[in-house]
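The values are calculated or read from the model by the stated rules, or taken from the named source; none is laboratory data. For clarity, every value in this text was computed on a predicted model and none was experimentally measured. For neighbour counting, all protein chains shown are included, and Cβ atoms are generated from backbone atoms with ideal geometry for every residue, glycine included. All accessible areas refer to the heavy atoms of the entire protein, side chains included, with ligands and DNA or RNA removed. Shrake-Rupley method; radii C 1.70, N 1.55, O 1.52, S 1.80 Å.
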Amino acid sequence: HDFLAARCPKVVANDASDEIIHDHSSLKSGISFAKELTKGSTNNVGWIMKPPLQYRLADLTSQALPTKNPPTWPADKHISFDESFHFAACARRLGKLATAAKKQAAEALSDDEEGIELSYLSDESSNKSTRGVFAQSNNTSSALIQMWTKLSCCDGLCGSPLGASVKEGMDVSISWLTSVLIFGSHVLAGNAEKRFKKNQAINTSMGLTNIDSDTFQIEDFDSRPDGHDEYALTAHAIPIPEVLSSLKDLVAEKKIPEVENELKYVIGCLTYIVSRLTSKENGISSTKRRFKPNNSEDNTVGCFLNLHCGHNNHYSTEERDQLMALICRCCDGDPV
């Protein structure tokens, strides 16, 4: 509450992988939760939230979730509690079914390696029917695994992929969702700044002097290092637009109809995130907050600094440079 009430320039420095302070209990999560869901109230923020009964029952019985319309931009300026819990429940069900499919595929592979006979039917027509069922099941399992491979690595722009949050529980999934909605634009502003500097020489040579620096582009969602290898042992979080494109292709192919409702709702929420973060009004406010923190009209949440140094380690060189840049802008270029 005190942080939100302070009107001075502020920086929210957070490492989602902090081993001392859980990401759900961090200042970043508390601020995003309060700003997005409770209109600024910080009561019970950071505590474990019990999901509504319908979602607990659906999770317990592995039932499909009902059809629900996702939030849309610009009609919905904020998401509701019900929408956030439905997103968390849909993501959890998708993860559970994909994990079960992966285990089943691993067991089948193990059985094949050990030479275990799966079918003892002698009738040829029965064998053909059984192979058809197995093939259909394998296609569905493969589609589920493919879907979750993308969705679980979905970059929340604040340090944590969606899969890690889903594994922790629905309340942590909601924290992932609110964090990307509140602080995601801060990361986009930083990536856009790098893009402007990188393309400055090219733009000047082409005579493009009137560049709109308040508009974010799809490429600004990509925080992966240049020249990254998609098949390297070290996996990088996948940008939301790329995940969104893969999920839409799976829905169009209709390979996993049993989770169509959940998948469409998650797609709708990710579409809402992209539309909201790349909107003109959000771009202007985020750019002002980053480059002119003293003149920003809404300075309640401060500027976000995504860390990877842990709890007690020193800042990396890049993180120190980013922090000093923010401090200099707060002090009009003359830090103490």
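Return the residues of the stretch 74-89 that are open to solvent by 60 Å² or more (accessible area, probe 1.4 Å), within 19 Å of the chain's Cα centre (by Cα) and over 27 Å from Pro257 (Cβ atoms); say none if nothing qualifies.
Within the stretch 74-89, the subset open to solvent by 60 Å² or more (accessible area, probe 1.4 Å) is 74-75, 77-78, 81-82.
This time we only want the ones that are within 19 Å of the chain's Cα centre (by Cα), so: 77-78, 81-82.
Scanning the stretch 74-89 gives Lys77, His78, Phe81.
Please tell me if Ile174 is within 21 Å of the chain's Cα centre (by Cα), closer than 30 Å to Leu27 by Cβ and at pLDDT 90 or above.
Details: within 21 Å of the chain's Cα centre (by Cα): yes; closer than 30 Å to Leu27 by Cβ: yes; at pLDDT 90 or above: yes.
Answer is yes for this residue.
From the set of residues in the stretch 26-45 that are free of Cβ contacts under 8 Å to residues at least 24 places away in the same chain and under 16 Å from Val12 (Cα atoms), which is surrounded by the most Cβ atoms within 10 Å (Cβ to Cβ)?
So in the stretch 26-45, the residues free of Cβ contacts under 8 Å to residues at least 24 places away in the same chain come out as 26, 30, 38-39, 41, 43-45.
Retained after the next criterion (residues that are under 16 Å from Val12 (Cα atoms)): 26, 30.
Values: Ser26: 21, Gly30: 19.
The selected residue is Ser26.
Looking at the structure I just gave you, is Phe221 among the aromatic types (Phe, Trp, Tyr), open to solvent by less than 10 Å² (accessible area, probe 1.4 Å) and either under 22 Å from Lys280 (Cα atoms) or at pLDDT 90 or above (or both)? Lay out the reasoning, then the answer.
Details: among the aromatic types (Phe, Trp, Tyr): yes; open to solvent by less than 10 Å² (accessible area, probe 1.4 Å): yes; either under 22 Å from Lys280 (Cα atoms) or at pLDDT 90 or above (or both): yes.
So Phe221 fits the description; yes.
If we scan the stretch 139-159, do we find a residue that is at pLDDT below 55 and assigned to a loop (DSSP other than H, G, I, E, B)? First the steps, then the outcome.
The initial filter retains those residues of the stretch 139-159 that are at pLDDT below 55, namely none.
No, because not a single residue in the stretch 139-159 is at pLDDT below 55 and assigned to a loop (DSSP other than H, G, I, E, B).
Which ones in the stretch 142-161 are in contact with an Asp or Glu (Cβ under 8 Å, 6 or more places away or on another chain) and open to solvent by less than 10 Å² (accessible area, probe 1.4 Å)?
Passing the criteria: only Ala143.
Select from the stretch 46-73 the residues that are in contact with a helix residue (DSSP H, G or I) (Cβ under 9 Å, 6 or more places away or on another chain) and of a type in the set (S, T, N, Q) and write down the one among them that is surrounded by the most Cβ atoms within 10 Å (Cβ to Cβ).
Gln54
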